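Read through the structure below, which is laid out as structure tokens, and then see the notes.
Coordinate-derived values only; no laboratory data. Here the structure is a predicted model, which means the values were calculated and not measured.
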Amino acid sequence: MKRILLAAVAVLAFASPSVAAETGKTVGQSPSSFYLAQDTATMKCQIVESQPAGGTMKVVGAAHTTKASAEAAMKADKTCAK
């Protein structure tokens, strides 16, 4: 009986860190990114949080980790209509 109890305690001690919740992460979601999307018809740009799937919108440049860096890139980009 002691062996079974000791084995159960050992299994729980090793398994509990693997099932503990990770803080600061959301399971199944990638880190947030901001994209500079340009409407190909009007040549106007906007900042979006998801990558455009195509159609009339195209991505200008690379993904940005913060909205402030995306705004700075939009101001510096010469292809976006003012």
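When the Cα gyration tensor is reduced to axis lengths a ≥ b ≥ c, the ratio a/c is 1.5 or higher for the stretch 32-74, and with a/b not above b/c it is classed as oblate. Using 0.36 nm per residue and subtracting the Cα-Cα separation, the extra length available between E49 and M1 on full extension is 11.5 nm.
Given a cut-off of under 8 Å on Cα pairs at least six residues apart, what relative contact order in percent is computed for the stretch 32-74? Intermediate results must be reported in sequence, preceding the final value.
Working: 75 pairs, mean separation 20.0, N = 43.
Normalised by residue count, the contact order of the stretch 32-74 is 46 percent.
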